[in-house]
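Working notes for the structure below.
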Amino acid sequence: MADCLFCMIAAGKIPSKKVYADDRYYAFEDINPQAPTHVLVIPRVHITTLNDLTPADGPLMGDMLLLAARIAKERGLGEQGYRLNFNCLEDGGQTVPHVHVHVMGGRRFSWPPG
Ligand code: 5GP
Ligand code: ZN
C-alpha cells in the first residue's frame, strides 16, 4: 500500500535497522524500543489489522510466529523468555495500521498489561 509506513519500510523506501528479510517478511528494530530487544516482524503484504485476516492468511501468520520465535531465540532470549505482542486498533494500542508482531525481551514484563 503506497502510503503505509510499514509497507514503505519493508520496501526500503524509509530507512530502518534490518534484522531479517525474505520474500514474505521483513523484521527490523523498533524506533522506540521498550526493552533491550524490541524487534518488529511484518508481512510484506499489506494487512491493516488482525480483523482483516482470512483463513487463507493462516500459513502466513503461522510462519510469522515461527519467525518471531526464531528471532527471539537468536537474540539469546530462549532461556529467560520473551514476549510476542500483537496490538489491534485503538483499545489494543495499535498505532501503525499494518499487522506486526512485537518481539520483546531482555527484561521482565508485568502481567496484566497496563
Ligand atoms: P503498535 O503501537 O502499532 O503496535 O506498534 C507500532 C510500533 O512501531 C511502535 O512500537 C513504534 O515505536 C514503531 N514505529 C513507529 N514508527 C516507526 C518507524 O518509522 N520506524 C521504526 N523502526 N519503528 C517505528
Ligand atoms: Zn502496509
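We did not get these values from a lab; they are worked out from the coordinates using the rules stated. In this text the structure is predicted, and so the values were computed from the model without any measurement. Backbone-built Cβ (ideal geometry, glycine too); neighbour counts: all protein chains shown.
Between the residues 60, 49, 32, the greatest Cα displacement towards the positive end of the dipole of the chain, with unit charges on the Cβ of Lys, Arg, Asp and Glu, is found for 32. Counting only residues at least eight positions apart within a chain, or on another chain, the lysines with an alpha carbon under 23 Å from that of residue 73 are 17, 18. Enter the angle in degrees (range 0 to 90, nearest 10) between the Cα long axis of helix 58-74 and the first principal axis of the Cα atoms of the chain, meaning the one along which they spread out most. Orientation of helix 58-74: about 40 degrees from the principal axis.
The share of alpha-carbon pairs in the chain lying farther apart than 17 Å comes to 54%. With the highest mean first, a sort of the peptides 8-14, 81-87, 54-60 on other beta-carbon atoms found within 10 angstrom per residue produces 81-87, 8-14, 54-60. Cβ distances below 4.7 Å define possible disulfide partners, and in the chain the cysteines left without one are 88.
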